[in-house]
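Each remark here refers to the structure printed beneath this line.
The values are calculated or read from the model by the stated rules, or taken from the named source; none is laboratory data. These numbers come from a predicted model, not from an experiment. Glycine gets a Cβ as well: all are built from the backbone with ideal geometry, and neighbour counts include every protein chain shown. Note: areas computed on protein heavy atoms with side chains; ligands, DNA, RNA excluded. Shrake-Rupley method; radii C 1.70, N 1.55, O 1.52, S 1.80 Å.
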Amino acid sequence: MARLPLAVVTGGAGFIGSHTVDALIAAGYRVCVLDDFRTGKRANLAQHAGSDKLEIVMCDVSHGIFAALAPVTAQHGPVERIVHLAAQVSVVASVANPLVDMAVNYGGTLHVLEYARAHGVKKVAFASSAAVYGDVATLPVAEETPTQPVSPYGIDKLASEYALDYYASVHGVATTALRFFNVYGPRQDPSSPYSGVISIFADRAKAGRPLTIFGDGLQTRDFVYVGDVVRAIVAAVSDGNSRLVANVGTGNEITVLELARTVVDLCGGKSTIDHAPARSGEILKSRARVDRLRDQLGVVAETKLVDGLRATLA
Ligand code: UD2
């Protein structure tokens, strides 16, 4: 059998990472997951148990990835592509501990880029965030909008984007940064207070427990289904673009109140909805401009919220 191209997914045992692994294996790659299992779970990859197309290596990317990948490349050949998703994912945690956020979210990216430069990796796709924009005056927010992050998390994601651009222009490493909006879907872990709101609402509504809305619930978000996000990731890591930055959202927004009502309805209407004080420092409205996603990556996030919610609740 011909040797399969090798793709590395950092954070591959996480929510978005494990769906990315599924898609890359289906697309004909051998996949090596690097994950430190702090928030990632082996159970997210259980569907590949016994498969010779998946290698899982315990690795904290903020300590470098050369040693972790050496035995894998000795056996399977060079790394062709890298999807870099490993991150400290909580904005609130980044405010509490900015140095950890910098080491993991910016330092981790530098380690990945150093590897890509040293080993001639053909493409690096990176999980950036809508957090790079901060509060914006005009929606939908386009990629040209001046960035003004308001958290260490947003700063480190933006710094990572600059690093991608530097490695592309100076060292010839082809890169794409994807600015994720609010990603949701199966395998998103509801267990932290800062977990994605849909995972929390789904978890509670299924159990008939109350849903808590922070503030009046009139804040909006652009919720994008993980299946659509993964199509963008696979396109970004496979295509010939370099130095591309693209939003990954739907172009639609919904209020958190409307979201809560929809989730409660889908679960049979047993949960009540209550309110708690708004989170400080939170943005009010969010909606992505998605022309670049469509024109440069050929992806339209077409999963309707209600369909994505049904898949999540199942
Ligand atoms: C998202 C990302 C974050 C960063 C940020 C950039 C997630 C999980 N987080 O933060 O990583 O990229 O966007 O702007 O995607 N809410 C409730 N009740 C709850 C939980 C949340 O009302 O039990 C509200 C929350 O106050 C917010 C909205 O739901 O208005 C979405 O909250 P989130 O934590 O899912 O995501 P967000 O937009 O704060």
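Quick notes on this structure:
- In units of the compact-protein estimate 2.2 N^0.38 Å, the chain shows a Cα radius of gyration of 0.97.
- FRET efficiency, ALA43 to ARG310 (Cβ-Cβ, R0 25 Å, nearest 0.05): 0.70
- Relative contact order, whole percent, for segment 46-147 stands at 31, derived from Cα pairs under 8 Å and 6 or more residues apart.
- Building the convex hull from the alpha-carbon atoms of segment 1-146 and averaging its projection over directions returns 10.2 nm².
- Max-minus-min Cα coordinates of segment 258-314 on each principal axis give 43, 33, 14 Å, with the largest extent listed first.
- Using the Cβ-Cβ distance between LEU218 and VAL170 with R0 set to 45 Å, the FRET efficiency works out to roughly 0.50.
- Computed lengthening from VAL95 to ALA27, 0.36 nm per intervening residue step minus Cα-Cα distance: 20.7 nm
- Annotation: Cα Rg of segment 219-314 relative to the compact-globule expectation 2.2 N^0.38 Å equals 1.28.
- Zone of ILE273's modelled label, taken as backbone nitrogen in segment 174-205 under 20 Å from a point 7 Å along Cα→Cβ: 182-185, 195-205
- What the Cα atoms of segment 1-77 give is an Rg and a Dmax of 11.7, 36 Å.
- Here the sum of -39500 (n - 2.57) over DSSP H runs of 4 or more residues, divided by the residues of the chain, equals -11000 deg cm²/dmol at 222 nm, to the nearest 500.
- Taking all protein chains into account, the per residue accessible area for segment 188-243 stands at 39 Å² (1.4 Å probe).
- Kirkwood hydrodynamic radius over Cα pairs of segment 185-262, then Stokes diffusion coefficient at 10 °C and 1.306 mPa s, in µm²/s: 110
- The stretch between ALA118 and SER280, if pulled fully straight at 0.36 nm per residue, gains 54.1 nm over its current Cα-Cα span.
- Charged neighbours of GLY14, selected by a Cβ distance under 14 Å, balance to -1 (K, R count +1; D, E count -1).
- Of interest is the spacing of the C-alpha centroids, which for segment 172-194 and segment 5-41 amounts to 13 Å.
- Rounded percent of accessible protein surface that carbon and sulfur make up, the chain, 1.4 Å probe: 55
- Förster radius 30 Å - calculated FRET efficiency between VAL57 and SER242 (Cβ-Cβ, nearest 0.05): 0.65
- Net charge, LEU158 excluded, C-beta distance under 14 Å - Lys, Arg +1, Asp, Glu -1: -3
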